[in-house]
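A short worksheet on the structure shown next.
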Amino acid sequence: MLFGIQPVAELRGLARVRARDYETKTVHPLLSEEYQAKGWDTVTKGKSVRLKRVKAHNVRLEDRVWMLLYKMGFSDLSGQNGASLLVNPKEPDGPKSQIDVVGIDNEIALAIECKSAEKYSKRPQFQEEIGKHSLIRNNFSNAVNSQFPCEYKRQVVLAMFLANISLSDNNRDRARDANIILFDEQDLTYYERLISQVGPAAKFQFFSDMLPDKPIQGLRIRVPAVRTKMGGFNCYSFCISPEYLLKISFVSHRAKGKASDVNTYQRMMKKSRLKTIGEYITNDGIFPTNIVVNIDKKRLQFERIHQEGDQFTDTNSGVLGWLEIRPTYKSAWIIDGQHRLFAYSGHPRATRSLLSVLAFEGLLSSKQAELFIDINAKQKRVKQSLLQELYAELHWDAEESKIRVRAIVSKAIQDLDRDPESPFFHRIQTADDEKSYTRCITLNSMYSAIEKRGFHIAKEKHGHVIDYGPLWAGDNYATLRRTTNTLKNWFNFIRYEAEDWWDKGSGEGGGLAMNDAIIACIDVLRSVFQHLEGTGHKLVHLDNDDLIECIRSYGEVLGRYLGSLTELERSQFRSLRGIQGQTTRKRRAEQAIRSTFPEFNPPGLDDFLASEKAQTNSKAKDIVSRIEIILQNLIMEELRREYGADEAQWWVMGVPKSVRLKVTEKYEKDDGKRGGKEYYFDLIDYKKIAVENWDIFEPLLANGKKGSKDKRTEWLDFLNEKRNILFHSSSGISISLDALNQLQEYEKWLNRQINTSNNMTDSYNSASSSQFRFLG
């Protein structure tokens with residue numbers, strides 16, 4: 001016995017309540033504070049107080065699922081508190097099983113459990129919940145058949161809707177073995193969106209997901225048709241009612257994005273266009289073109305009828321006959337004409353109008369996608385980005401391995417964007433997505449990086465694959481799972497160590513979760529694979545989990561390196577441009593991995609580091625030389641101005657004795673060949689002179705606003721240290737990029753100091769001159 005089921009006509013009031021994302025309550029004023037403490041907000045006050053609060057996540061999920069069935073037009077639904085089913089039908093007063101949502105229609109009876117979490121997390125008790133839900137199947141089916149009889153046998157479906165639940169492969173396998181259909185929040189959002197677009201016909205799209213290949217009693221029909229051939233494929237021309245075609249057809253929308261459904265090439269329908277076509281139908285408009293569909297070969301049977309004349313013996317010219325359609329909910333795939341067909345959804349003429357249909361027989365999904373592009377390209381230009389997304393559909397069943405790999409890569413990237421556990425979740429910009437600071441990674445850029453040789457194909461000879469790469473797993477679907485699993489984990493290692501940088505996307509302070517950085521990290525993964533293969537690992541033979549363990553430590557080191565970069569270093573990392581910039585990112589990341597794993601030696605890394613060392617040292621040497629000249633000129637100008645231009649003045653009064661003794665010794669040994677004694681100062685001598693004459697040099701050479709003389713002139717120690725490295729090539733030491741950046745900053749700062757001082761001096765001289773003229 002099933003309890004709590006009501007005709008949908010009696011549930012309009014409940015539908016208004018469940019459609020809201022909040023709940024309301026009216027209480028006595030004395031109780032209002034008690035409820036406010038529980039999260040209720042006051043809406044109105046008077047003799048009673050009306051309160052309001054956002055629904056709990058589990059309540060909201062149940063309400064959304066219930067509203068989905070309500071809008072689909074199920075004839076009977078569970079009420080406010082769900083439905084209940086007797087555990088033992090022979091015990092009327094015995095225990096009952098609670099069911100969150102039940103929907104009953106002529107074709108199907110649904111028993112749905114809803115499971116949610118406030119934050120995305122695993123659900124340890126999920127297998128137990130699957131087992132409990134599966135136990136109701138027989139009792140539920142018997143109760144529905146006895147209490148809600150209909151002409152044809154209904155299909156009974158047990159389903160679960162999940163929100164913020166992370167499931168393992170074992171969980172999904174358990175549900176599949178128990179014949180329980182799982183839907184996630186993305187599926188729910190898809191159907192909510194679809195029903196808002198096309199109305200009640202969305203129900204049949206929903207059914208097709210739950211009951212693929214299940215025969216539908218009562219929809220088997222026989223229609224007159226003409227069979228011919230087009231492009232080498234059988235096709236049939238006939239007329240049929242929109243109501244019938246809506247039930248058996250299925251439109252594959254890329255927006256839905258089920259990982260298990262590769263045939264996803266259609267774009268979501270436009271509500272405004274459906275409305276316009278609906279008005280056209282109401283005004284007796286006619287459609288002179290066919291609805292183009294594909295029907296599985298096993299669903300069709302054609303019986304030729306007798307025809308006069310030899311001209312009809314050629315199949316290409318057309319053969320008359322009876323076409324019998326034995327449909328399922330997913331038997332007629334709409335290739336073209338979805339707007340024309342779905343404009344009839346809920347329209348009063350759906351039952352009595354006729355549509356002209358051109359039905360292909362058993363087209364491969366790649367051919368369907370190709371035909372879709374051919375048709376739409378004539379009407380409206382197909383975006384290049386959309387063609388890239390459709391590569392999976394166009395070439396999924398290609399014979400050549402290289403072509404199939406590209407299809408797998410295209411599909412893998414799209415799956416990474418849809419997986420809530422993926423670091424790329426809602427971050428990859430596809431044809432229908434607007435760019436944002438988080439959705440800023442293009443499918444094309446990732447595709448170009450991943451499909452290169454090394455990941456799936458290791459060696460080729462004369463165009464034939466002779467050795468497969470680490471991500472190859474045999475068939476398409478296994479390779480797809482291995483590819484998405486590996487990339488997801490690799491980038492999760494990185495994101496975990498640099499989460500704040502990753503989450504900023506292309507926003508201010510971002511630069512990691514963007515095209516260039518993503519490509520660099522993919523290239524580093526390829527280097528890791530090459531290194532592991534070179535050390536004796538045959539990665540293609542490892543299972544998915546073992547492959548992840550092999551690369552884990554390398555990914556974590558890379559993540560820690562990226563996470564440790566300062567804001568300045570992140571900005572410089574982001575600003576690298578072109579091929580040279582991309583190479584630099586990759587090589588610096590490889591260098592960071594080598595610092596932990598010295599044996600890690602990707603081809604070309606040593607050459608890059610040697611070249612970078614030479615370039616870095618050269619740039620740093622030029623900077624130090626320029627700063628040294630600036631300091632020499634500045635020190636001498638200030639000493640001469642303060643103590644006098646004569647050497648007996650500035651030399652004795654301005655230069656510390658220890659410096660004078662050292663410089664004099666050098667001067668005498670060289671016989672003064674360079675010139676005056678000022679040409680024999682070492683760089684560090686300038687610090688000693690500045691500290692000794694702090695009143696003079698503090699405004700010019702003190703770095704930082706607080707601290708002692710030594711503290712504020714530490715930059716001169718840094719400068720001297722780097723000079724000793726750069727001007728003694730035998731040291732063999734390379735100046736780091738951080739040190740080079742610091743030298744550049746010191747040079748900019750020193751020039752600003754001097755310019756500021758000069759401007760102040762010019763202003764002072766100008767004011768003094770004006771005052772002199774005024775007084776004169």
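The values are calculated or read from the model by the stated rules, or taken from the named source; none is laboratory data. Keep in mind the model is a prediction, meaning the values are calculated, not measured. Every residue, glycine among them, receives a Cβ derived from its backbone with ideal geometry; neighbour counts consider all protein chains shown. Protein only, heavy atoms only, side chains kept; ligands, DNA and RNA dropped before computing areas. Shrake-Rupley method; radii C 1.70, N 1.55, O 1.52, S 1.80 Å.
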*asked:* Test of the criteria: in region 13-120, which trypsin sites (Lys or Arg not before Pro) are in a DSSP loop and have at most 15 other Cβ atoms within 10 angstrom of their Cβ?
replied: ARG20, LYS38, LYS45, LYS47, LYS90
*Note the direction-averaged projected area, equal to a quarter of the hull surface, for the Cα convex hull of region 25-143, in nm².*
11.1 nm²
_Residue-averaged [θ]222 nm for the chain, counting only DSSP H segments that reach four residues, each worth -39500 (n - 2.57)_ = -16000 deg cm²/dmol
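Solvent-accessible area per residue for the chain at a 1.4 Å probe radius, Å²?
50 Å²
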_Distance between modelled label sites at ALA610 and LYS96, nm, 7 Å Cα→Cβ extension_ = 8.2 nm
_Along the Cα→Cβ direction, 7 angstrom out, place labels at ARG674 and GLN301. What is the inter-label distance in nm?_
10.5 nm
*For the chain, with all protein chains present and a 1.4 Å probe, just round the carbon and sulfur fraction of the accessible area to a whole percent.*
48 percent
*Starting from the Cα-Cα distance between LEU700 and LYS435, subtract it from 0.36 nm times their residue separation and give me the gain in nm to one decimal.*
90.6 nm
*For ASP738 and GLN125, compute 0.36 nm times the residue count separating them, minus their Cα-Cα distance, and round to one decimal in nm.*
215.6 nm
*asked:* Among GLY4, HIS464, TYR679, whose Cα projects farthest towards the positive end of the dipole of the chain, with charges put on the beta-carbon of Lys, Arg (+1) and Asp, Glu (-1)?
replied: GLY4
*Taking a threshold of 19 Å on the Cα-Cα distance, which of the pairs LYS677/LYS711; LYS122/LYS411; LYS247/LYS411; LYS705/LYS748; LYS55/LYS132 fall above it?*
LYS677/LYS711; LYS122/LYS411; LYS247/LYS411; LYS55/LYS132
*Grab every C-alpha pair in region 513-574, bin the distances at 5 angstrom width from 0 up to the longest one, and report whole percents.*
4, 15, 22, 24, 15, 10, 7, 4, 0
*Using Cα pairs closer than 8 Å and at least 6 residues apart in sequence, work out the relative contact order for region 126-250, in percent.*
21 percent
*Please compute P(r) over all alpha-carbon pairs of region 94-179, binned at 10 Å starting from zero, and give each bin as a whole-number percent.*
15, 45, 28, 11, 1
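For the chain, what's the relative contact order in percent, using C-alpha pairs closer than 8 Å and at least 6 residues apart? Numbers along the way, then the final one.
Values: 1108 pairs, mean separation 51.8, N = 776.
Result for the chain is 7 percent.
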_Using a Förster radius of 51 Å, what is the FRET efficiency between LYS275 and ILE684 based on their Cβ-Cβ separation? Nearest 0.05, please._
0.05
*Ignoring the sites themselves, what is the longest stretch of the chain with no GluC sites (Glu not before Pro) in a DSSP loop and at most 13 other beta-carbon atoms within 10 Å?*
600-776
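Hey, got the dipole for the chain? About the Cα centre, +1 on K and R Cβ, -1 on D and E Cβ, debye to the nearest 20?
Computed charge dipole of the chain: roughly 1840 debye.
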*Residues with amide H under 5 Å of GLY79's amide H, sequence separation 5 or more or different chain, H placed in the peptide plane at 1.01 Å from N; which?*
GLN6
*What's the FRET efficiency of THR282 with ARG752 using the Cβ-Cβ distance as r and R₀ = 51 Å, to the nearest 0.05?*
0.10
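Give the peptides 519-531, 572-584 in descending order of average Cβ contacts within 10 Å, highest first.
519-531, 572-584
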*Give the residue from MET514, PHE600, LEU341 lying farthest towards the positive end of the charge dipole for the chain; charges sit on Cβ (+1 for Lys and Arg, -1 for Asp and Glu) and the dipole is referred to the Cα centre.*
LEU341
_FRET E, pair GLU499, THR596, Förster distance 30 Å, beta-carbon r, rounded to 0.05_ = 0.90
*Find the relative contact order for region 549-690 and round it to a whole percent, using C-alpha pairs within less than 8 Å whose residues are 6+ positions apart.*
16 percent
*Label-point separation in nm, LEU661 to ARG16, each point 7 Å along Cα→Cβ*: 10.0 nm
*Give the whole-number value, in cubic angstrom per residue, of the convex hull volume spanned by the C-alpha atoms of region 171-222.*
94 Å³
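Cα convex hull of the chain: mean projected area in nm², to one decimal?
58.4 nm²
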